[in-house]
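Q: Here it is, the structure, as structure tokens.
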Amino acid sequence: MDSGSTDFRPVQSMRWNILRPETLESLFVLYQATGDVKYREWSWKIWEAFDRHCKSTYGYGAHPDVFNKNAQCCRGNDDKQETFWIAETIKVRLDEERSDEL
């Protein structure tokens, strides 16, 4: 996730992000298994990007182009919040924040 790394590069033809939880879940499991804080840091960076680029007036929506920071989310068909956003994505993030208590 650092600028010199080739890890976590999206495929050019798949520019959108619909806020799926799988990457956050994987980072949570990796942190739990290894104790390496870089996985928590990466998760937090993803969360900040969701908040910065996918937040709309009443929730969070899909980002149409992860290669373009100026692309506007939540327009047309993407002006919706998927049910898994709360049920899975936010839950994983909260679990990660509380992981030291679990």
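Q: So V37 ticks every box in (1) surrounded by 11 or more Cβ atoms within 10 Å (Cβ to Cβ); (2) touching a Phe, Trp or Tyr at 6+ places or on another chain (Cβ under 8 Å) but one. Which box is left unticked?
A: All conditions are met except number (1).
Q: Then there's this: Would you be able to tell me the number of residues in the range 11-25 that are farther than 16 Å from R98 by Cα and surrounded by 12 or more Cβ atoms within 10 Å (Cβ to Cβ)?
A: 8
Q: Scan the range 42-71 for residues that are touching a Pro at 6+ places or on another chain (Cβ under 8 Å) and more than 13 Å from I18 (Cα to Cα) and jot them down.
A: F67, A71
Q: While we're on this one: Among the residues of the range 1-46, count how many are more than 16 Å from F67 (Cα to Cα), assigned to a loop (DSSP other than H, G, I, E, B) and modelled with pLDDT of 75 or more.
A: 5
Q: Same structure, new question: So which residues in the range 67-99 are closer than 13 Å to S56 by Cα, surrounded by 13 or more Cβ atoms within 10 Å (Cβ to Cβ) and basic (K, R), if there are any at all?
A: K80
Q: Find the residue count for the range 47-69, including only residues that are out of contact with any Lys or Arg (no Cβ under 8 Å at 6 or more places or on another chain) and either of a type in the set (F, W, Y) or in a helix (DSSP H, G or I) (or both).
A: The qualifying residues number 8.
The values are calculated or read from the model by the stated rules, or taken from the named source; none is laboratory data. All of these numbers come straight from a predicted model, not from anything done at the bench. Reconstructed Cβ throughout: ideal geometry from the backbone, glycine too, with neighbour counts over all protein chains shown.
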